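The values are calculated or read from the model by the stated rules, or taken from the named source; none is laboratory data. Quick caveat, the model's predicted, so the values are computed rather than measured. Cβ placement follows ideal geometry from the backbone for every residue including glycine, while neighbour counts extend to all protein chains displayed.
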Amino acid sequence: MKIRIKFSKTGVMKFIGHLDMMRYFQKAIRRAEIDVTYTGGYSPHQVMSFAAPLGVGLESQGEYFDIEVNSMLNCEDLKQKLNSAMSDGIEILSVKILPDDAGNAMASVAAAKYKICFRKGYEPDGNWQQILQAFLEQDCIMVEKETKKSKKEFNLKPYLFSWEIIDNSVILTVDASSSGNIKPSLVFHAYAVSQELTLSEFALQVTRLETYTSKMEDGKQIFIPLDEIGYTA
Amino acid sequence: MNNTALKDEILLQVEKPARYIGNEINAVMKDRNKVAVRFAMCFPDVYEIGMSHLGIQILYDMFNRREDVWCERVYSPWTDLDKIMRQEKIPLFALESQDPVKNFDFLGITIQYEMCYTNILQILDLSQIPLLASERTQDDPIVIGGGPCTYNPEPIAAFFDIFYIGEGETAYYQLIDLYKTVKNSGGSRKEFLLEAAKMPGMYVPMFYQTEYNEDGTIKAFYPIAEGVPETVRKEIVMDVTDTYYPEKPVVPFIKVTQDRVVLEIQRGCIRGCRFCQAGQIYRPVRERDVETLKEYAVKMLKNTGHEEISLSSLSSSDYSSLQELVNFLIEECARKKVNISLPSLRIDAFSLDVMSKVQDVRKSSLTFAPEAGSQRLRDVINKGLTEEVILQGAHDAFVGGWNRVKLYFMLGLPTETEEDIRGIADLCNEIAKLYYETIPKEERKGKIQIVASTSFFIPKPFTPFQWSPMNTKEDFIDKAYLTRSAIMTQLNQKSIKYNWHEADVSMLEGLLARGDRKLSEVLLKVYQKGCMFDAWGEMFKNDIWMETLEECGIDLSFYTTRERELDEILPWDFIDCGVTKTFLIREWEKAQNAQGSPNCRVQCQGCGATVFQGGVCYENQN
Ligand code: SF4
């Protein structure tokens, strides 16, 4: 049975990188004594798929991963067992059973929503909200992206799905699929370049609010949270 | 969750911020206002090394069982953070509460190897605690050292208030009680230390004095305070089953060296290899009850979620219930999909069978530690491993599908000749030859791969070789070249890879291992000149050490290459580790005649450890 788990990552846990989070959950699943499925061989490991990796320093309210279980009582029980094995800063928010034909978490990711604000002391001068709004409304936002071999210019705009500026923070939904994985900091760096500002590495405080998959509805592509394709039992 | 001592900006700048945030599974949190004594337990190396140390986990658990004590962990900040902490004057903090160490009652430091001595100074310095014990005041924590290096604490005596000699499980509660009593009655730091110095196992350096002869050797060493004993006997747990053991060890977020459940099956070793300090200072052998170990294994796996379990001891094959324990673990771990790692097993039919069950034969290697290349020299060091046994083990392993062999040797052992060194190459070649003879061409899965490694022999206190001269650095390097060229002339040289250790750092380890109080000045100076993490090859600055030795008028050869007289007063003579000098002298003399000594179970050698009234010495007497 395929299970999708949603969790939040806050506080000091934001300093734990993606690979260590995977190790963390493997151990947590053992502590919680979940009847999880393992691969064969000399060093068996749990069948596990994480959605979009979260960079070190980012908090999140909408992280996902999939596991496979051989048996379980029900979703609520599994959630409670896992929560009793968590460290401060990680909370299991939902546990859902996936339909058999669902793609794994990693392959399903289409978009992610972020809340971005400037850390204290790092806010640009003047009415940056207005300038940023105008910047984001352009038809074309060219940015430089460094690949292994070369620097490439590309248009960021098609990858920005929506934005909203509320007081001192920006809510931004961007492409997070494997083909167009956009980091929110890239948007802000493009903005900084356009304004001839230098943006410190630590200027932004970023929280991922949700991770989405997409589906077609009435001929239109819509985004739904990754766990909405699952059900509870 | 506590606020971190370091701001986000700093944590995001340094490598592996998870080293500094605490919050791990099974880390113990308490209310700082509800405890009477705060104990910072430090391993003076980077987090990944320190977190892998079993001793700290045992003491951490032991202290935290007391409601009135909160024990927290401290590790060395890596050089990136070290720099920032100095610039911004951030005091070193403990991981759990993130509170500055300088506000604690105790700073306990476990001292596992000589090359961490400068890291101890880094810890004190970053904590903003005076480096010299003599300069500390009432407000500073009591700095207490433990671990194997305290069997010669003299080079670092100036930096410690107390050394706890021996195993931590026995006397710490008493020491904490004493501390509370003195504190509650308004007593001073010195009053506490004086009372502590009278407790068994406690060595308080400030109450002792050394006088030197003109040639630099020790003339006398004696207590200078009333009631302070002349000798300090090590503390030891005789019942290793009914004692403290952590059922819930702390689980790190990042990968550490020992990322697994560790079951300590016994303490001590019956073998008596003459170069090995652990084999002497942890006498007598004491075994843990196998049923208790099984329970621990189950509980610890459940409480940590680790995917691997390992046995720990100096020589696991000598544990009497090994088969029972291993069979239990194989069954239990197969069910739980947990890997088993079995270090320090002698290669024989049993261990090969077990290893073939728990690991992928094609990916794993066999390990032998003959330590010396000839039978004569193995008799000198009392390593009871014969060529016949090695070849038999290798033969059986080849048949079982193995084709990788690791061999460990030492260069510079007492009485070593060129022939002994050539013996290393010959033995490697024999093993390779045996492989090609044993396994027919069509059944071979690739070539045989032999990796031979040599380290340089460093005489250690409380071993029969404590009087032995160490080789010079030049000798060491010549011997490594000789080993290499001897291997190159072997028929099967293409199958043999050879590695050797750095000679520079071995010389300094030799200096510190048998050093005296005069070395504290050197340590202070090299630290002030920027030496730290000397055990990390890329960080080790030999030039600074050499230059400083000269400045301080310290002659390296006096401490390393000089042969000590049997009646010389050695800096560690005031410590009683159970093993007597008479026994060590007897062993030293037998060594020179290449005469082995049977192990404790075959025939007691009368080493002196019977004073502890238990363990292997009393095994067959009910
Ligand atoms: S007294 Fe005998 S049996 Fe006991 S540790 Fe010493 S040599 Fe071994």
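Being part of a loop (DSSP other than H, G, I, E, B) and either farther than 20 Å from B:CYS617 by Cα or more than 14 Å from chain A (Cβ to nearest Cβ) (or both), is that true of even one residue in the stretch B:286-295? Yes, there is a match, as at least one residue in the stretch B:286-295 is part of a loop (DSSP other than H, G, I, E, B) and either farther than 20 Å from B:CYS617 by Cα or more than 14 Å from chain A (Cβ to nearest Cβ) (or both). Here B:ASN119 does not qualify as closer than 24 Å to B:ALA36 by Cβ and either surrounded by fewer than 18 Cβ atoms within 10 Å (Cβ to Cβ) or at pLDDT 95 or above (or both). Considered as a group, the residues in the stretch B:175-211 that are free of Cβ contacts under 8 Å to residues at least 60 places away in the same chain and of a type in the set (Phe, Trp, Tyr) include one that is farthest from B:ILE554 (Cα to Cα), and that residue is B:PHE192.
Just one of the listed residues (B:VAL298, B:VAL338, B:VAL358) is within 14 Å of chain A (Cβ to nearest Cβ), within 30 Å of B:ILE448 (Cβ to Cβ) and hydrophobic (A, V, I, L, M, F, W, C), and it is B:VAL358.
Of the residues contained in the stretch A:110-122, none is found to be within 19 Å of A:LYS9 (Cβ to Cβ), charged (D, E, K, R) and in the same structural domain as A:MET13 (by TED's automatic domain parsing). Contact annotation: residue pairs with Cβ atoms under 7 Å, 6 or more positions apart or on different chains, pairing a residue in the stretch B:350-363 that is in contact (Cβ under 8 Å) with a residue 12 or more places away in the chain with a partner that is among the β-branched types (Val, Ile, Thr) and loosely packed, with under 15 Cβ neighbours inside 10 Å, are B:LYS357/B:ILE330; B:VAL358/B:ILE330. Assess whether B:ASN64 counts as being more than 14 Å from every other protein chain (Cβ to nearest Cβ), touching a Lys or Arg at 6+ places or on another chain (Cβ under 9 Å) and closer than 20 Å to A:SER87 by Cβ. Judged against the criteria, B:ASN64 is a match.
One residue stands out in the stretch B:14-41 among those that are at the interface with another protein chain (Cβ under 8 Å from one of its Cβ atoms) and assigned to a helix (DSSP H, G or I): the one that is nearest to A:ASP88 (Cα to Cα), namely B:ALA18. When you go through A:TYR24, A:TYR122 one by one, which is the residue that is within 14 Å of chain B (Cβ to nearest Cβ) and either at pLDDT below 95 or surrounded by fewer than 19 Cβ atoms within 10 Å (Cβ to Cβ) (or both)? Testing whether each residue is within 14 Å of chain B (Cβ to nearest Cβ) and either at pLDDT below 95 or surrounded by fewer than 19 Cβ atoms within 10 Å (Cβ to Cβ) (or both) leaves just A:TYR122.
Of everything in the stretch B:286-344 that is at pLDDT 95 or above and among the basic types (Lys, Arg), the residue that is farthest from A:PRO44 (Cα to Cα) is B:ARG286.
Every condition in (1) more than 25 Å from A:SER179 (Cα to Cα); (2) within 7 Å of chain B (Cβ to nearest Cβ) holds for A:GLY57 except the one numbered (1). Taking the stretch B:589-609 as the region of interest, how many residues are surrounded by 19 or more Cβ atoms within 10 Å (Cβ to Cβ) and either closer than 30 Å to B:THR210 by Cβ or away from the ligand (no atom under 16 Å from the Cβ) (or both)? Final tally of qualifying residues: 4. With respect to (1) away from every other protein chain (no Cβ under 14 Å); (2) touching a Pro at 6+ places or on another chain (Cβ under 7 Å), the lone exception for B:PHE93 is condition (1).
Among the residues of the stretch B:610-620, the ones that are among the small types (Gly, Ala, Ser) and within 9 Å of the ligand (Cβ to nearest atom) come to 1 in all. Consider the stretch B:264-307 and keep the residues that are of a type in the set (Ser, Thr, Tyr) and away from the ligand (no atom under 13 Å from the Cβ). The one that is nearest to B:ASP576 (Cα to Cα) is B:THR292. Would you say B:THR561 is of a type in the set (S, T, N, Q), farther than 29 Å from B:ILE123 by Cβ, surrounded by 14 or more Cβ atoms within 10 Å (Cβ to Cβ) and away from the ligand (no atom under 16 Å from the Cβ)? Considered against the rule, which asks whether it is of a type in the set (S, T, N, Q), farther than 29 Å from B:ILE123 by Cβ, surrounded by 14 or more Cβ atoms within 10 Å (Cβ to Cβ) and away from the ligand (no atom under 16 Å from the Cβ), B:THR561 comes out as yes. Taking the criterion of being among the basic types (Lys, Arg), surrounded by fewer than 16 Cβ atoms within 10 Å (Cβ to Cβ) and more than 16 Å from the ligand (Cβ to nearest atom), would at least one residue in the stretch B:507-521 satisfy it? Taking every residue of the stretch B:507-521 in turn, none turns out to be among the basic types (Lys, Arg), surrounded by fewer than 16 Cβ atoms within 10 Å (Cβ to Cβ) and more than 16 Å from the ligand (Cβ to nearest atom).
Being part of a loop (DSSP other than H, G, I, E, B) and among the charged types (D, E, K, R) holds for only one residue in B:GLU67, B:GLU72, B:GLU48, and it is B:GLU67.
Considering only the stretch B:54-74, how many residues are buried (at least 19 other Cβ atoms within 10 Å of the Cβ) and under 12 Å from B:ARG38 (Cβ atoms)? Going through the stretch B:54-74 one residue at a time, the tally reaches 7.
In the set (1) over 25 Å from B:LEU81 (Cα atoms); (2) away from the ligand (no atom under 16 Å from the Cβ), the condition left unmet by B:ASN542 is number (1).
If you go through the stretch B:395-422 and pick out every residue that is over 29 Å from the mean Cα position of the chain (by Cα) and buried (at least 20 other Cβ atoms within 10 Å of the Cβ), you end up with 4. Kindly indicate whether any position in the stretch B:321-339 is in contact with a strand residue (DSSP E or B) (Cβ under 8 Å, 6 or more places away or on another chain) and within 16 Å of the ligand (Cβ to nearest atom). No.
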